[in-house]
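Have a look at the structure below before the remarks.
The values are calculated or read from the model by the stated rules, or taken from the named source; none is laboratory data. No experiment lies behind these values; they were computed from the predicted model shown. Because the Cβ atoms are built from the backbone with ideal geometry, glycine has one as well, and the counts that use them run over all protein chains shown. Ligands, DNA and RNA are stripped out before the accessible areas are found, and what is left, the full protein with its side chains, is counted by its heavy atoms. Shrake-Rupley method; radii C 1.70, N 1.55, O 1.52, S 1.80 Å.
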Amino acid sequence: MSDEGPELEAQLTEQDYFRPPTDFVGQANVTDPDIYERFDENYPEAFEEYAELLDWDERWDQVLDDSNPPFYEWFVGGELNASYNCIDRHLDERKNQAAFIWEGTDADERETITYQDLYNRVNEMAAVLRGVGVEEDDVVTCHLPMLPALPVTMLSCARIGAPHSEVFAGFSAQALADRIDDADSDVVVTVDGYYRRGEFLNHKEKCDEALEQAESDVDTVLLWSRHDELHEDVEISDDDPYVLVDDLLHEHERERVEPVSRDAEDPLFLMYTSGTTGQPKGCQHRTGGYLSYVTATSKYVLDIKPEDTYWCAADIGWITGHSYIVYGPLSLGTTSVMYEDTPDHPHKGRIWEMAERYDVDIFHTSPTAVRMFMKWGEEYVEDYDFDFRHMTTVGEPIQPEAWLWYYKYIGDEDAVIVDTWWQTETGGHLITNLPALADMKPGSAGKPCPGVQPAIYGDDGEPLEAASGKAGNLVIEKPWPGMLQTVYGNDERFIDEYWRDFSDTDSDDAEDWVYKAGDGAVHGQDGYFRILGRLDDVMNVAGHRLGTMELESAVSEVQDVAEAAVAAREDAEKGEVPDVYVVLREGIEASDEVRDRIITSVEDEIGKFARPANIIFCDDLPKTRSGKIMRRLLENISNDEDLGDTTTLRDPSVAEQIREQVHGD
Ligand code: WT7
């Protein structure tokens, strides 16, 4: 970091500020313009305001127990149920308001699910889960795409106190098997098929393969069906563990399942994410702190009101969808739009067509999507009549150019934009301006959320001066309610990945424990944080996190590969894409066939979304004298940057050769 710092800073050009429209009155500033001071002066008690947005069966008696860092406990002694908070408590006031308006691949296929419908479906599905033996604290692994069945299943798990572990539908069979094994799930929930660009995919076959690959014995697979009839290639025989959800729902028709009172610290769900090793980590999120935090940030950052129509165009299979499609918005009782297929299907105006049809007020997407819309051109937008009050970006740094396009063509220069920085681990937003409480600055996430204390540390572990304008490691100095509890089943890894680098791990004083985000950032003189990207061996492809080690191990699965290293290459659309540098075994010639096998292996081990952009066959990889692969140099080569100092290499000519091979000079 230290040698890269000045270089990164040089790339930053100061941006102008944009004033939020004067008629925008966000809920944060309506309720209290002193929100920041209140949280600063009254930490951690101020977070009670967040918890008070929920209905509790038992009120907490302590806001934060930090006596055993980093295993913090929030709202200690409190009891609540997440499904009750997202559904039941809204029935008195708005049982027949839409919770979700869902559209299938075909725009004629629409479903409006009211809060009453959701209540009925979740109760029945909760009865189904109980009926197949799911008990409180059993982890249920789900592998569901963007169908109503997904939030219904998650909330049904929450109702009976069974943590869910949803695996993004685009993940491969092997990735699903790994997650089933890590969570030791007896019950898996999937669907026969879903649509991608209009094509009806057989999704069950991934689960079939996963069951073969998994070590755990899965007792039951609950199979939802996309249509009345199953996908034509899907069959179920008597001796396999599949059971049709529709049949069971029928058996449990009109049943009611009391929401189970969960301790605030009981886990609500697991979400696996890539880290710096080959094995994904199960980020474990608690019930009380998490739900309080996502509800409050949905209200104050996303400015969601129950009467709004809100659309977060992410996939529920990632954390964004968990926090800001399912738990936060439903807990506030709003109406959300959900869409099954891709934004370019059947035409590149589909998103805006839907925005017009449902008169969406609040829109939420990623910089990758914005860059894609920008590439397609504003002509796809201009045909439609919609008017967003508020827009969000999330997942990667947004280039000022893309921000300005979003502001102008999607927001019509009168919507507020929030650039929200957070992570799977943080549960909810940590750095973003509260809408209308601070000016917008393209490319900067902005100020910390109330009560959140980010800082920039040097590689030596020392904090840089606040607002120094220098690049460094982004850390969070104080705990917050949405933070992960641990890495599922692996407290040691939790400490190693997030705390060890910047904490005094021998201390039991919470002040000595500092959370490492893994990102580089600059804290500007104006107090705004600008996120530069990952500093560890994790890349961000189209807003999806991918671990270098996971990719490398998938590539190394191919027999002919002796050694592989992955480097992140900057990409105008996807942010970053993986380049794979491969050394083949003695006697093996580079060929299209080997290349295909490498691609197939990545798709099989992780998923199609992780496909390498380039595969570069080389004779050797650049290594230090101790034999460590220097990925930084490969990254320089991929991005056509100067190689810098190569004198510490075992053989400096190796990097130079690869550079010539790639760039031809
Ligand atoms: C990583 C977390 C948070 C939900 C989606 C991604 C990057 C996230 C921003 C932003 C710049 C961002 C960071 C972070 N990131 N939001 N607004 N500006 N970078 O969740 O898969 O856990 O990835 O995404 O690098 O560490 P995730």
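Which order do Phe502, Phe609, Phe269 take when ranked by solvent-accessible area (1.4 Å probe, heavy atoms of all protein chains), largest first? Intermediate results must be reported in sequence, preceding the final value.
Working: Phe502 30, Phe609 50, Phe269 0 Å².
Solvent-accessible surface, decreasing: Phe609, Phe502, Phe269.
Need the C-alpha centroid separation for region 160-206 versus region 233-264, integer Å.
Each part's Cα centre sits 16 Å from the other's.
Hey, how many Å between the Cα centroid of region 461-490 and the Cα centroid of region 421-457?
Each part reduced to its Cα centre gives a spacing of 12 Å.
Please give the peptides 447-458, 219-230 ranked by average Cβ packing (other Cβ atoms within 10 Å per residue), highest first, as a rough proxy for protection.
447-458, 219-230
Read phi for every residue in region 35-47 and hand back ³J(HN,Hα) as whole Hz from Karplus 6.51 cos²θ - 1.76 cosθ + 1.60, θ = phi - 60°, with x for Gly and Pro.
Running phi through 6.51 cos²θ - 1.76 cosθ + 1.60 with θ = phi - 60° gives 3, 5, 4, 4, 6, 5, 6, 10, 7, x, 4, 4, 5 Hz.
How big is the accessible area of Cys618 in square angstrom, nearest 10, if you roll a 1.4 angstrom probe over the protein chains?
10
Mind jotting down the distance between the C-alpha centroids of region 275-290 and region 131-157, whole Å?
18
Extension gain Asp23-Asp526, at 0.36 nm per residue separation less the Cα-Cα distance, in nm?
Taking 0.36 nm per residue and subtracting the Cα distance, the gain is 178.6 nm.
For the chain, what proportion of DSSP beta bridges, expressed in % and rounded to the nearest 5, is antiparallel?
60
When the accessible area of the chain is split by element with a 1.4 Å probe, what percent falls to carbon and sulfur?
40
Report Rg (one decimal) and Dmax (nearest whole number) for the chain, counting Cα atoms only, units Å.
Computed over the Cα atoms of the chain, radius of gyration and Dmax are 24.4, 73 Å.
Which net charge results for the neighbourhood of Pro306, defined as the other residues with beta-carbon distances under 11 angstrom from its beta-carbon, given Lys and Arg at +1 and Asp and Glu at -1?
0
Calculated FRET efficiency, Asp137 and Thr505, Cβ-Cβ r, R0 25 Å, to nearest 0.05?
0.30
Largest first, how would Arg121, Arg493 line up by accessible area (1.4 Å probe)? Could the numbers behind the result be given before it?
Numbers: Arg121 80, Arg493 35 Å².
Largest accessible area first, the list is Arg121, Arg493.
Report the net charge of residues surrounding Arg197, where surrounding means a beta-carbon distance below 14 angstrom and charges are Lys +1, Arg +1, Asp -1, Glu -1.
-1
Label-point separation (nm) for Ser237 and Ser67, each offset 7 Å from Cα along Cα-to-Cβ?
5.8
What spacing in nm lies between the two simple spin-label points modelled at Glu14 and Arg256, each 7 Å away from Cα in the Cβ direction?
Calculated label separation equals 6.3 nm.
Please sort 248-261, 61-74 by packing, taking for each peptide the average over its residues of neighbouring beta carbons within 10 angstrom, highest first.
Put in order of decreasing packing, that is 61-74, 248-261.
Taking the mean number of other Cβ atoms within 10 Å as a proxy for protection, how do you rank 314-320, 560-566 from highest to lowest?
Listed from highest to lowest mean packing, they are 314-320, 560-566.
Taking the Cβ of Gly547 as the center, what net charge do the other residues with Cβ under 12 Å away carry, scoring Lys and Arg +1 and Asp and Glu -1? Present the calculation step by step, with values, prior to reporting the outcome.
Numbers: positive: Lys281, Arg534, Arg545; negative: Glu497, Asp536, Asp537, Glu550, Glu552, Glu605.
With Lys, Arg at +1 and Asp, Glu at -1, the net is -3.
Give me the accessible area per residue for region 540-663, probe 1.4 Å, as a whole number in Å².
Result: 49 Å² of accessible area for each residue.
Under 19 Å from a point placed 7 Å out from the Cα of Thr342 along the Cα-to-Cβ direction: which residues of region 547-572 have their backbone N that close?
571-572
Can you tell me the alpha carbon radius of gyration of region 84-260 divided by the globular rule-of-thumb value 2.2 N^0.38 Å?
1.00
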